[in-house]
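Values in this text are rule-based calculations from the coordinates and carry no lab data. Keep in mind that this is a model prediction, so the values were computed, not measured. In this analysis, Cβ positions are derived from the backbone assuming ideal geometry, glycine residues included, and neighbour counts consider all displayed protein chains.
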Amino acid sequence: MCTLIEKTKTSLTEGLLARRGQRRDTVSDITNAACFKELSEEAEFGKDDLTLNIYMDGSPVFKSSKMSVWPLQFIVNELPPPLRFQRPMLAGLWFGKQPPKMQAFLSRFVDQVNDTPPISWNDGTSKHCSKVFVLCCAVDAPARAKVLNMAQFNGFNGCPWCLTDTEKKDGFDLVSGISVDYMHCILQGVCMQITDTIFNSGGNMQ
């Protein structure tokens with residue numbers, strides 16, 4: 001994290017200034033969205049503090065093997081959007097025949113975020129002291145169930161938005177902070193079904 005701050009400190013300063021000048025009644029970026037406002041109100045959130053979005057998914061390594069790799073990546077939301085997605089950081093890597101045991105895989109990252117003291121850094125004459133918070137975790141539906149240690153989406157009480165009791169930990173909202181799985185639920189779900197119904201030979205008259 002310190003390396004990323006050092007390499008992007010000018011852009012980070014610009015992003016922090018832009019965040020302070022955002023209107024509260026409109027949403028133009030994640031840094032003035034509802035989840036950010038809730039975090040800034042609930043946590044001891046300072047004007048120089050930084051927020052992360054974390055991403056994780058598994059990918060097979062070989063066609064002839066069950067081995068897969070799971071990278072844990074994050075981006076800093078206070079960077080300007082074009083630079084934000086050009087500077088993802090690798091926080092962890094799991095390699096094995098089985099998906100990671102999330103408690104073991106994520107515990108070190110969680111401890112580092114919670115235990116790291118505020119980071120002091122300078123950009124010219126501008127001095128900053130930044131704590132780091134996790135704002136959002138973007139994973140697909142199977143990985144979401146593993147991260148939240150709950151039933152998968154096709155299991156009993158498998159939806160984190162209803163029926164399942166959760167609680168907030170260290171300012172991170174386990175329900176609203178987890179993104180909806182757009183790829184599986186929409187693109188590979190209802191959109192695929194509608195497209196198949198329209199274009200295949202058996203359904204073109206429906």
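Points to keep in mind about this one:
- Angle between the chain longest axis and helix 2-20 axis [Cα atoms, degrees, rounded to 10]: 90
- Which of Ile194, Ile75 has the fewest Cβ neighbours within 10 Å, and the rest in rising order: Ile194, Ile75
- Distance in nm between pseudo-label sites at Asp25 and Thr116 (7 Å out along the Cβ direction from Cα): 3.7
- Of the residues Gln193, Gln152, Gln73, the one that moves most in a GNM of the chain with alpha-carbon contacts below 10 Å is Gln193.
- Modelled this way, with points 7 Å down the Cα-to-C-beta line, the labels at Met89 and Val61 are 2.5 nm from one another.
- Entries in Lys97/Lys131; Lys97/Lys146; Lys47/Lys101; Lys37/Lys131 that, when Cα-Cα distance is taken, lie over 26 Å: Lys97/Lys131; Lys47/Lys101
- Nearest-0.05 FRET efficiency for Phe156 and Phe45, computed from C-beta distance (R0 35 Å): 0.40
- Between Phe62, Phe153, Phe45, the GNM of the chain built on Cα springs shorter than 10 angstrom shows Phe62 fluctuating the most.
- Euclidean distance between Cα centres, the range 36-114 to the range 177-200, Å: 25
- Reachable aspartates and glutamates from Lys127, criterion Cα separation under 17 angstrom, eight or more residues apart if same chain: Glu6, Glu14, Asp48, Asp49, Glu78
- Taking amide hydrogens as placed 1.01 Å from N in the peptide plane, the amide H of Ser130 sits under 5 Å from those of Ile119, Ser120, Trp121, each at least 5 positions away in sequence or on another chain.
- Spin-label model distance (nm) - Glu38 vs His184, 7 Å beyond Cα toward Cβ: 2.2
- Base-10 log of normalised Debye intensity for the chain (one unit scatterer per alpha-carbon) at q = 0.12 Å⁻¹: -0.74
- Each residue of the range 84-97 was assigned a 3J(HN,Hα) from its phi angle through the Karplus expression (A = 6.51, B = -1.76, C = 1.60, θ = phi - 60°), giving 3, 8, 8, 10, x, 10, 8, 9, x, 8, 10, 9, x, 7 Hz with x at Gly and Pro.
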